[in-house]
Structures are given as structure tokens and as C-alpha cells.
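Comments concern the structure below.
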Amino acid sequence: MAVRSKDSEDVARFLGRFAQLREWIDDNPLGLVELAERDESVRELCKRLAFDAYILRWNENSRPERFATPVDPSFTAAWRDFEERYTEPVEDVDWRDIIAGIAGLPDFPTPEPQQALAAADLRWEVADSTAEDAARAINGVFEFAKWEADSGRDFQEDTVEDLEVGLREWARLRHDYGFDLRGVLRRRHLIPFVLVPRQLAASYGNSDKVSLLTNLRSAHDAFVFGAPLAALAMMRSILEAVLRDHYGAEGTDLSERIWHARDRLPKQANVASLHRLRRRANAVLHLDGDKLPVLDTIGLEKEIVSLLLVLRALIESAPAAMTRRSQLGG
């Protein structure tokens, strides 16, 4: 994601159009859809802004790691505000315009209301559907390779051997080792993208073997590849480091640090949510399964994503470092 400075082309375009829309509607997105139906200039601005947001999300999803650093805090604030309050009405305007153009109906009727899903449930459903399609396509490649290997065509001998070895190892990976391709793709899609502020990123160099960024990457990887309890343990480490190094939270344990930082926490990472993460991770570290909620695979994924969102809010709202420690948990 091109967010190293607020002047990067994609970011600058988004910030400019978003600021213009907020000015036009007095920063109140309620009634935006109806206004766009009456005002062509508002409708055109929403369409362009929807495309800008699509490009930024595409850049996020194309990154191998699920965070960008360093990021200008002004962009982070605008982007999260857009996600929280503006995404739905702006995309609604854009979608209605597309449908109206296809159908040739300028007064396209309002769609019938559908049963609303909770945000976490909807996020999981979209990620799972996307992962299902991708996994089917990937498995189709292996099925085609098997068909080619069994076809009796005049291949070079080593080519057939390579195909057979590859197919055999893929089968072992899935059946013997329990590799869940659909699950991996789904969880990769579920991880919330983190915009690491420049003042926090500056505290950690690329040479740090154990830093907030390397631990964040490890927590993401553990979740993606099906080790949710390991992810929770890494997330606890990150939580303590951010509170200690960037919120100036003192205390002899994590519970005390959370309490000490209570007046400086962002609303999306409040005291209750941080204690929830602490308790979940402590249950893992202390092998105290009785203190973990009884959740199925889907429920556990949603719980970890919820806690990753809490951790993201804490990181993105972190002030400048108050003490410099690159070693987590030290």
C-alpha cells in the first residue's frame, strides 16, 4: 500500500476527494444516497471516491505482510473514518449508478431490504466465499496436472516424474498434514490491515530480530496457518510492548499496565477489550483451558479477528515512543 507519505499519488487522490465530499455534506453521510440521486456532482464524486478506495484496498490485499509502515497519522485517521462511516453509503451510490446504467433506468428502485448480518459474520462469510473460489481454482490446477500425467501423452520422462512427485506431495500436505487451503486463504483475507504510524515504526529497525513488527508478522502468520493459540500468545506480547513503549504504561504485570494507560487508550481498544485479550492469551500461556471460551473453528476465528482489530486500534493510535525498547516482553 502506497502510504509512506500522505503525498503518494493514490493516497493524495483519496484524501483530496474524501475531504471534498465531507465539506460538501458537512461531514454527515446520513442521507448521502438520496442526495446523490438528486445531485449529479455528488454522485460523480462518490463514484470516483469508491474507485480510489478500491485501489487502496487492492494495494493492501496485494502485500505479503498485513501491515504498512511508516504511515502518516492523518491518512490513518481519514481512512478509518471512511471505513467506519462512509464506505456503505459511497459504495451504495456507486452500485446504484452501475445498475441503473446497465438497466437503462435512471430511477433504479431501492433494493428490497435483506436480513442484516453482524459485521463479524458478514466479514467471515465474504472471506470464506472468496477463499472457496480461490481454493477451487488452485485445486483445479492440480487436477489438470493429474489428468495430463495420466493422459499417456508423449512427455519427457522427467516431466512426468516431476508431475507425479508434485501431486503426491500435495496430497500428503492435505491429507497427512491436514493443510487446509481454503482456511489459509480465508484467514489471510480476514486479517485486518494495520497502518503502523511513523512515530512507532521509527522505534524499530529492519535489523531488529525481535521487534513489534516481527512479532506482528509472526502473529499474523500463526493465525493464517492454523495456529490460533500461538497467535494469541504473540498478540499478548505485542500488547504489552505497545503499552510499555508507546503509551508509557507502568506496572509489574500486564493488568497493571492496562490500568495505568486507561486514560490514553483509543475507544476501539478500551480497558475491557484489552483485558479480554490478556485473559484469552494468559489462558493459553498458563495451559488453563477452563478460562478459554468454548468456540468452534469459525467462532475462534471470529474471536481472534475481533482481538486483532483491538490490537490494530492500539497500534494505530500509539503516540510517540516514551521509552525505547526493541525487545518485546523485556
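The values are calculated or read from the model by the stated rules, or taken from the named source; none is laboratory data. None of the values given here were measured: they were computed from a predicted structure. Note: ideal-geometry Cβ built from the backbone for every residue, glycine included; neighbour counts use all protein chains shown. Accessible surface is based on the protein model in full, side chains and every heavy atom, while ligands, DNA and RNA are left aside. Shrake-Rupley method; radii C 1.70, N 1.55, O 1.52, S 1.80 Å.
Remark on Phe67: its backbone amide H falls under 5 Å from those of Val194, a criterion applied only to residues 5 or more positions apart or on other chains, H modelled at 1.01 Å from N. For the chain, the fraction of 1.4 Å probe accessible surface lying on carbon and sulfur atoms is 53 percent. Only helices reaching 20 angstrom along their own axis (Cα) with mean Kyte-Doolittle hydropathy no lower than 0.5 count here, and for the DSSP H runs of the chain these are 228-246, 297-316. Applying both filters, DSSP loop and at most 15 other Cβ atoms within 10 Å, to the trypsin sites (Lys or Arg not before Pro) of region 122-154 gives Arg153.
Taking 0.36 nm per residue of sequence separation and subtracting the Cα-Cα distance, how much length would be gained by fully extending the chain between Arg198 and His275, in nm to one decimal?
On the way: separation 77, 0.36 × 77 = 27.72 nm, distance 2.66 nm.
Extending this stretch completely gives an extra 25.1 nm.
In the chain, excluding the sites themselves, the longest stretch lacking any of the GluC sites (Glu not before Pro) that are in a DSSP loop with at most 16 other Cβ atoms within 10 Å is 66-249. Quick check for you: which residues of region 132-155 have the amide N under 20 Å from the point 7 Å beyond the Cα of Leu173 toward its beta carbon? Only 132-150 pass the distance filter. Full extension of the chain between Ser62 and Asn139 gives 25.6 nm of extra length, using 0.36 nm per residue less the Cα-Cα distance. Calculated mean residue ellipticity at 222 nm for the chain: -20500 deg cm²/dmol, from DSSP H runs with n ≥ 4 weighted as -39500 (n - 2.57), summed, divided by the residue count and rounded to 500. Once R0 is set to 45 Å, what does the formula 1/(1 + (r/R0)^6) return for the Cβ-Cβ distance between Glu256 and Arg85, expressed as a FRET efficiency to the nearest 0.05? Step by step, r from the Cβ atoms, then E = 0.80.
A straight Cα-to-Cα reach below 14 Å connects Lys302 with the aspartates and glutamates Asp121, Glu125, Asp128, residues fewer than 8 places away in its own chain not being considered.
In the context of the full set of protein chains, residues of region 53-95 present 45 Å² of accessible surface per residue (probe radius 1.4 Å, heavy atoms only).
Restricting region 129-179 to chymotrypsin sites (Phe, Trp or Tyr not before Pro) that sit in a DSSP loop and have at most 11 other Cβ atoms within 10 Å of their own Cβ leaves Tyr177. Here the ratio of the Cα radius of gyration of region 171-241 to 2.2 N^0.38 Å is 1.30.
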